[in-house]
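Data first, discussion second: the structure below is written as structure tokens.
The values are calculated or read from the model by the stated rules, or taken from the named source; none is laboratory data. Just so it is clear, the structure is predicted and the values come from calculations on it, not from any experiment. Don't worry about glycine lacking a Cβ; one is built from the backbone with ideal geometry, like all the others, and counts go over all protein chains shown. Surface accessibility is based on the protein's heavy atoms, side chains included, excluding ligands, DNA and RNA. Shrake-Rupley method; radii C 1.70, N 1.55, O 1.52, S 1.80 Å.
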Amino acid sequence: MQTDSSIAPMHVALFPSAGMGHLAPFLRLAVALDARGCSVTFISILPTVSSAESSHLSHFFSTYPQIHCMEFHLPRNEPSTASPADPFFLQWESIRRSAHLLPSLLTSISPPISALITDITLTSSIFDAVANLPFSNYVLFTSCAATLALFSYFPITAQSDTFDANCQLQIPGLQPIPNSDIPPPLLLPKNLFKTTVMENGLALMKADGIIVNTFDALEPNTLMALNKGIVVPAFPPVVTVGPLERCSFEHSREGTKQQLFSWLNAQPARSVMYVSFGSRNALSRDQIKQLAEGLEKSNCRFLWAVKSKVVDKEDMVTLGELVGDEFLERVKEKGVVVNGWVEQWGVLGHPAVGGFMSHCGWNSVTEAAWHGVPVLAWPQAGDQRINAGVVERSGLGIWERKWGWGGDNAEVVMGAEIGEKLQEFMNNAGIRVSAARVREEAKCAISAGGTSASSWMNLVERLKSKV
Ligand code: UDP
Ligand code: UDP
């Protein structure tokens, strides 16, 4: 690889995947690269699945006109018959099947790009499509280093004769992962999620580097084991750039958002429990009912972002239909319930917020770490139990393991139990201290001389070089 930066323009193209959990870190990465003097082309995949994605993209491009927008229109592929029929997974599959359209788009960019940063969910198909093009290839891994270790090692071990899907998984150099924490589709015989994870995990080895929104103090052992090639020999460099900061365009408080923050302004310091399961986890109706009961029984102040559908534009049910008008009336002094987009970064940064009941989507975990808000982990699906393990080990929060996975077939956790746990959690002084320590570690990581700040400098140097 040539490293003379004086002759190489630093122009990077970013290729995100579907879902806010993927788009949000890509947008933040784009802004961070722009702030470090990189010229950025951001590829927008259209149409988006959710309204949140399209509104974020339009605000992003109007706020940062210097970032070049390149539209990638998905052709109308035959709908996939693969299971599961999650609209975000199907969109990943559709983008992967359209990868052959990318080279002509990328080679039309002027000045030419020196690097492409691709979302992990698309890696294998994009790497195949761009294999002969003259730029370096990076991956943005949108979960934690622990999930990266799992998804890099799993495709190797799952193909071996000794693999037993009923046993805990021993990744070299790491603590064993209980079978119950592994994303369930990986333990089933064949499904779309498992196939893409396996293909992408193997393709990672071809990357020039893997960018992760984490920091060394949060996952020290895992990062060491990955970077020393203990998990998988000759593994590409893992570049820790976290926590990535919110971009200025995300900071908007008009309309109902203003009311929400006015309500928070009137609450005592650290008294409010923020409850959210991310942008695309819908609780079952029964679980919503029990959670409402639990919040009421806990007697805690709360701000609850409730979702009953995976895709936001399908969420047409009124709050009254979801949680009941009587409930809303009874709790109105203590709680606020919202069924739309909440500006989460701003909420977590508000002095009234003292706890976060979270599904542990990785972006949410990094945002809680940034603000030092203790997490009560209730993972629902995918990588979230792995992420909850990081929350627990780092001291950022606690995890009530017996609450199990979410979804329609999950066992419903009863309101009385939730209420008790919430009360205990909000009175836990120890967890407040350790979450504050994680916040300090996060700030150190991104400050001058910190681990993420140094990784950033190395990354920018490497991005300047051409293949
Ligand atoms: N988010 C938000 N408001 C919402 C729901 C989500 O700001 O009402 C943001 C959240 O702050 C995070 C991202 O959307 O940056 C969700 O990503 P995460 O990995 O936490 O979970 P996912 O939604 O992918 O399950
Ligand atoms: N992931 C991966 N390879 C894949 C698909 C997913 O490594 O082929 C990782 C990725 O980091 C993603 C995480 O698994 O963020 C969890 O996937 P999930 O299905 O929960 O979707 P998400 O919440 O990220 O949209």
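With runs of 4+ DSSP H residues as the only contributors, calculate the mean residue ellipticity of the chain at 222 nm using -39,500 (n - 2.57) per run, divided by the residue total and rounded to the nearest 500.
-12000 deg cm²/dmol
For a test of the definition: using alpha carbon positions, the gyration tensor, and the 1.5 limit on a/c, classify the range 238-314 as rounded, prolate or oblate.
oblate
Just read off the accessible area of residue 240 with the full protein assembly in place, 1.4 Å probe, to the nearest 10 Å².
Accessible surface of residue 240 is approximately 10 Å².
What whole-number volume per residue, in cubic angstrom, does the convex hull of the C-alpha atoms of the range 272-380 give?
Roughly 91 Å³ of hull volume per residue.
Under a point-charge model restricted to the Cβ atoms of Lys and Arg (+1) and Asp and Glu (-1), what is the dipole moment magnitude of the chain relative to its Cα centre, in debye to the nearest 20?
For this selection, approximately 640 debye.
Looking at the square roots a ≥ b ≥ c of the eigenvalues of the Cα gyration tensor of the range 200-285, which shape do they give, rounded for a/c under 1.5, prolate if a/b is larger than b/c, or oblate?
prolate
Bin all alpha-carbon pair distances of the chain at 10 Å intervals from 0 and give each bin's fraction as a whole percent.
4, 20, 32, 27, 14, 3, 0
Taking a ≥ b ≥ c as the square roots of the Cα gyration tensor eigenvalues, with a/c under 1.5 meaning rounded and otherwise prolate when a/b beats b/c, else oblate, which class fits the range 366-467?
oblate
Report the antiparallel proportion of the DSSP beta bridges in the chain as a percent, rounded to a multiple of 5.
0 percent
Subtract the Cα-Cα distance of residue 72 and residue 175 from 0.36 nm times their separation in residues, and report this length gain in nm to one decimal.
Going from the current span to full extension adds 33.0 nm.
Apply the Karplus curve 6.51 cos²θ - 1.76 cosθ + 1.60, θ = phi - 60°, to the phi angles in the range 425-435 and return the couplings in whole Hz, x for Gly and Pro.
Whole-Hz 3J(HN,Hα) from phi for the range 425-435: 5, 5, 9, 7, 5, x, 6, 5, 5, 6, 5.
Name the long-range amide H neighbours of residue 381: under 5 Å, sequence gap of 5 or more, or other chain; modelled H, no Pro or chain starts.
Placed amide hydrogens put 406 under 5 Å from residue 381.
What do you get for the angle between helix 256-265 and the principal long axis of the chain? Use alpha-carbon atoms, 0 to 90 degrees, nearest ten.
Between helix and principal axis, roughly 60 degrees.
How far apart, in nanometres, would the label points at residue 221 and residue 326 be if each is projected 7 angstrom from Cα along the Cα-to-Cβ direction?
5.0 nm
Determine the gain in length on full extension of the stretch residue 461-residue 187; use 0.36 nm per residue of separation and subtract their C-alpha separation, reporting nm with one decimal.
Result for the pair: 94.6 nm of gain on full extension.
Distance from the Cα centre of the range 383-414 to that of the range 166-219, in angstrom?
17 Å
In this model, which of 297/443; 309/334; 289/402; 309/402; 228/402; 194/307 are farther than 29 Å apart at the alpha-carbon?
297/443; 228/402
Taking Cα atoms, how many degrees apart are the long axis of helix 87-97 and the longest axis of the chain, rounded to 10 and kept between 0 and 90?
Its long axis makes an angle of about 0 degrees.
Could you do me a favour and compute the accessible area per residue for the range 300-382, 1.4 Å probe, result in Å²?
Per-residue accessible area for the range 300-382 comes out at 33 Å².
Accessible area of the chain with a 1.4 Å probe: how many percent of it is carbon plus sulfur?
Carbon and sulfur atoms account for 53 percent of the accessible area of the chain.
Along the Cα→Cβ direction, 7 angstrom out, place labels at residue 61 and residue 393. What is the inter-label distance in nm?
If labels sit at residue 61 and residue 393, their model points lie 4.1 nm apart.
Figure the gain on full extension for residue 447 and residue 54 (residue separation times 0.36 nm, minus the Cα-Cα span) and round it to one decimal in nm.
Separation in residues times 0.36 nm, less the Cα-Cα distance, equals 138.2 nm.
Put a dot 7 Å past each Cα toward the Cβ at residue 248 and residue 319; how far apart are the dots in nm?
Placing both labels 7 Å beyond Cα along the Cβ direction yields 3.2 nm.
Residues with amide H under 5 Å of residue 357's amide H, sequence separation 5 or more or different chain, H placed in the peptide plane at 1.01 Å from N; which?
Answer set, sorted by chain and number: 274, 275, 276, 376.
If I ignore ligands, DNA and RNA and count only protein heavy atoms, how much of residue 417 is accessible to a 1.4 Å probe, in Å² to the nearest 10?
For residue 417, the solvent-accessible surface is approximately 70 Å².
Kindly sort 97, 393 by accessible area of their heavy atoms, largest first, with the probe set to 1.4 Å.
393, 97
Rounding to the nearest 10 and keeping the result within 0 to 90°, find how far the Cα-based axis of helix 285-298 lies from the longest principal axis of the chain.
Rounded to the nearest ten degrees, it is 60.
For residue 169, enumerate residues with amide H under 5 Å from its amide H, sequence gap 5+ or separate chain, H modeled in the peptide plane.
Amide H to amide H, under 5 Å and 5 or more residues apart or across chains, residue 169 pairs with 177, 179.
Averaged per residue, what accessible surface does the range 87-228 expose to a 1.4 Å probe, in Å²?
Per-residue accessible area for the range 87-228 comes out at 38 Å².
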